[in-house]
1. Sort out which residues of region 250-291 are under 21 Å from the mean Cα position of the chain (by Cα), part of a helix (DSSP H, G or I) and modelled with pLDDT of 90 or more, and write them in order of number.
2. Answer yes or no as to whether residue 456 is without any contact (Cβ under 8 Å) to a residue 40 or more places away in the chain, in contact with an Asp or Glu (Cβ under 6 Å, 6 or more places away or on another chain) and under 26 Å from residue 416 (Cβ atoms).
3. Counting just the residues of region 262-312 that are under 16 Å from residue 234 (Cβ atoms) and either charged (D, E, K, R) or in contact with a strand residue (DSSP E or B) (Cβ under 8 Å, 6 or more places away or on another chain) (or both), which one comes out surrounded by the most Cβ atoms within 10 Å (Cβ to Cβ)?
4. Does residue 203 qualify as being among the β-branched types (Val, Ile, Thr), in contact with a Pro (Cβ under 9 Å, 6 or more places away or on another chain) and part of a helix (DSSP H, G or I)?
5. Tally up the residues in region 589-612 that are closer than 23 Å to residue 537 by Cβ, assigned to a helix (DSSP H, G or I) and either touching a residue at least 40 places away in the same chain (Cβ under 8 Å) or not aliphatic (A, V, I, L, M) (or both), please.
6. For region 462-477, give me the residue count where each residue is of a type outside the set (Phe, Trp, Tyr) and surrounded by 19 or more Cβ atoms within 10 Å (Cβ to Cβ).
7. Among (1) of a type in the set (A, V, I, L, M, F, W, C); (2) under 24 Å from residue 580 (Cβ atoms); (3) in a helix (DSSP H, G or I), there is one condition residue 634 misses while meeting the rest; what is its number?
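The values are calculated or read from the model by the stated rules, or taken from the named source; none is laboratory data. All values reported here derive from a predicted model rather than from experimental measurement. Note: ideal-geometry Cβ built from the backbone for every residue, glycine included; neighbour counts use all protein chains shown.
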Amino acid sequence: MVYPIFQPLVPLSILPSSACHLHFLPPNNGFHPIFPNPSQSLKLGTTQCCAVLPCNQNNNVLLNDWLQFLQFSIGSQDYMLAKTIHGSLIKSGCEGDLFVDNNLVNLYSKFNNMDDAQRIFDEMPVKNVVTWTTLMKGFLKNGDVESVLCIARDMCMVDEKFNEHTCSVVLQACRSPEDRFFGEQVHAFVVKSGLQENVVVATSLVSMYSRSGHLGCAERVFGGIRAKDAQCINYMILEYGKAGLGDKAFQIFVDMLQSGLKPTDYTFTNLIGACDFSEGLCVGKQLHGLAVNYGFMCETSVRNAMITMYGQHGMVEEAERVFVEMDERYLISWSALLSVFVKNGHANKAFELFLNMIRIGVPLDSGCFSTVLDGCSEWNNLKFGVQIHGLTVKLGHVSDVNSCTALVDLYAKCGNLKSARSIFDRLRNKTIASFNAILVGYLNSKVRDDEEDPMVFFSKLRFNGVKPDGVTFSRLFCLSANQACLVTGKSLHAYAIKVGLEYDTAVGNSVVTMYAKCGTVQDAYQIFSSTNRDCVTWNAIISAYALHGEGNNALLLFEEMKEQGFDPDGITILAVLQACSYSGLWETGLYLFNDIQSKYGITPVIEHFSCVIDLLGRARNLSKAIDIINNSPFPDSILLWRTFVNACKLCGDLQLGMWASRKLLDLAPNDASSYILISNMFAEGGMFGEAAKVRTAMNDLKLTKETGSSWIEIDNEVHYFIASDKDHPQSREIYANLNLLKDELRWSFGNRNNLELISNSL
C-alpha cells in the first residue's frame, strides 16, 4: 500500500460546504517535512465543523487531525496554532512517540525556533535517521552550518546511518573550502553505500566541490551521473558560469537538448548569465531566440539575465529594448539596467533612470544604492554622490554594509579621505571589502602621519580579526611599489605566503611588479617563474625588464610568451615598445609598431603613438616622428606634441623644438608642465634668455605645477622630501651636503651658465 505524503492542508470534512476548494501541494522530488507512518497509533476520527462544537469537542477534533493542522500552521505561518497543537499533543500523552516528535522538531525548525527544536530532539527517548536529518535541515535553513556539521558528527558517534537526504543536507552545509575534508568523507560514504547514482545526492556533491573551489572534482562527479535531471544540469551550468567557463556551460546545454531533456527557465537564466566569454554575444543572441521559441521570455528572470548579458557586451540599446518590453518590472530588473548604464559609462542615463525609480516609487534596496554610488565613484561625481548618501540615511540603508562600502569607495576615490574614514569607523561589521575600498583613498593620499598610514591601518584591522584577500594584497603591493619600499614589500610577501595566497595570480602579478619597481628584477623573475601565469603576469615581467633597460631580455620574454600560447594585448606591445626605446633597439621597436594591427590585431591607442615618438626621438629620426603624429588619429594631441618637444630636447634640435613648442602652447596654453618642458629645452640648449621669457610668461598667467617630491627608505623608515622643503629634521645636514655637491660641480665645470643650470636642477 502506498501512503500519500501530500495531503490537503485542512481535512475537507471539517469545512462548511460553501468553502472554496483547497489545492493540493505540488509534487516535490526533495525532502518533505511530514513523515507519514503506517503504524501510527493516532487514528483520524469522524470530523465535524469545529465552529459549532463545544470546546472539548474542538480539542478532540484538533487532536484527531493534528497532522493536517500542523501542516496548515506551517503553510500559514500561524505560530499560535502550532503551539496549541503541541500543547494538545502533550495533554493527550502523545509526546514521546517517534512520529509525533519528528514532526514537532520539523515544526519548530520551520518557524526558525531552533532552541525548542533542539530541546524536543534532546528529550526524545528514541531517534531515527529522519530525526537527525530534520534537525540538521532546520539549522541549515537558519544558516548555522557549524551546528549541522556537529550534529552529523554526533550522528556518526551513535552509529546512526546516513540516508540520501542526510547526505544531501550535510553536503549543503559544507560551504567553505575548510569544510571540504568533511564533504569528502561524506562522498566516500556515498560511494560505499551505492548512492552516487542518486541525482539529488550527486547534485549536492557537485555543489560542495564547486563551493570549495575544486571545479575539476565537481566535473568528475557530474560526468559520473547516468540519469541527469534538469535541476542537476542547471546547477552545473551555473557553476561553469561562475568559473568563467561559458563555453563548457553551453556544451552541457547542447548535450541536454540532444538527450531529449527539456530546458527550464532556470536553464536559460543560468546559461545566459554564463555568456561572458569571447563568443558570448553570439551565443547569447542564439539563446535569446531559443528562449522566445520555448516561451520563456515571459519569465522575469530570463529577461533580467538578457539585460545583464547585453550590458556585459556593451549593447546598451539592446538591453534597454529588453527592459522596455517587460510586462512586469521588479527591483532586480531596474537594478540590472542601472548596472548596465554604470558599467558602460552612460552617466546621464544611469542618473535619469535612478531618479525615475524614485519618482514612480520603486522600492530601493542596498544593492541599488551600491550600483548608483559605484557610478558616482567612477565618474568622480561627488556632488550627486553626497545627495545619494543623504537618501540612504533617509531610507535607513546607511547601516547596510554594502551601501556603506560603496560610500567609502565614493569618498575615497573622490579624495575626501576624512569622510571615507568616518563612514568606515562607524561600520559595525567591518569587512575586507570595506577596507579595500578605503585603501584606494589611502594609496592616493599625501597624508603621511602614522595614524593615517595604510600599513598601520592594515595592521590594526588584522589584529581585530579582519582577514585580507587577494585584492587587499594587490593594493598594498601597489603601495610598496609606488613608494619603492622593499622592506615593506617583503614583509607583505611573507604574510601573503602565510595566509596561502602566494599562488593567487593577481597577488603574484603584484609581487612581480613590486620587486621590479623596488630595483630587484631578479627577485621579480623568480616570482614570475613560480607563479600561475596569465597575460597580466607576462606584461608585468616584460615591463620589469623594460624599466631596468634590459631590452633584449624583454624581447626574449615576449617571444616566449607567444610560444606558450598567450596572445599579446595592447599593454604587452606598449611594454615591448618601451623596452626597445630605453635600450636603443629602435629598428625592432619600429618594426613591431608597424605590425601591431596587421599581425596582432590590436588597434594602437595614443600611448602607443607616444612611445614610438619617444623611440624615434632617441633614434634622432624627428622627421619620421612628425609624419607619425600627422598620420595618427590624434594629430592635435597634447601628449604627442609634448613627447615630440621632449624628443627635440634630447636631440638638441632647437629649431624644430621651437616650432613644436609653438604648436604645443597653441594646444595647451594653460598647461604648466608644457611651459616648464619648453623652458628646460631652451636652458639645455644654452638659450637662457628664451628660457627666462617662458618662465615669465608662465608666471604672468599664474600657472603653477604640482611640487615635485621624492623619498628614500632607510632602516625601515621612509623619508619624504619636496622641492625647497626644509621641514625634515635633518634638513640642515642635507643642505650642507648639497652645497658640497655644488662646490664639486663648480670645480668640474668651467662654464658658469651650465653650472647655474645644474644647480637649479638640484
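1. At the first step, the residues of region 250-291 found to be under 21 Å from the mean Cα position of the chain (by Cα) are 269-278, 280.
From what is left, the residues that are part of a helix (DSSP H, G or I) are 269-273, 280.
Within region 250-291, 269, 270, 271, 272, 273 qualify.
2. On the way: without any contact (Cβ under 8 Å) to a residue 40 or more places away in the chain: yes; in contact with an Asp or Glu (Cβ under 6 Å, 6 or more places away or on another chain): yes; under 26 Å from residue 416 (Cβ atoms): yes.
Yes; evaluated as a whole, the condition is true for this residue.
3. The qualifying residue surrounded by the most Cβ atoms within 10 Å (Cβ to Cβ) is 265.
4. For residue 203, the condition - among the β-branched types (Val, Ile, Thr), in contact with a Pro (Cβ under 9 Å, 6 or more places away or on another chain) and part of a helix (DSSP H, G or I) - is not met.
5. Qualifying residue count for the region: 4.
6. Residues in region 462-477 being of a type outside the set (Phe, Trp, Tyr) and surrounded by 19 or more Cβ atoms within 10 Å (Cβ to Cβ): 5 in total.
7. Just one mismatch for residue 634, condition (3).
Each row is one residue, and each column tells you yes or no for (1) polar (S, T, N, Q); (2) farther than 22 Å from residue 441 by Cα; (3) outside any helix (DSSP H, G or I); (4) in contact with a helix residue (DSSP H, G or I) (Cβ under 9 Å, 6 or more places away or on another chain).
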residue	(1), (2), (3), (4)
327	no, yes, yes, yes
342	no, no, no, yes
370	yes, no, no, yes
374	no, no, no, yes
405	yes, no, no, yes
410	no, no, no, yes
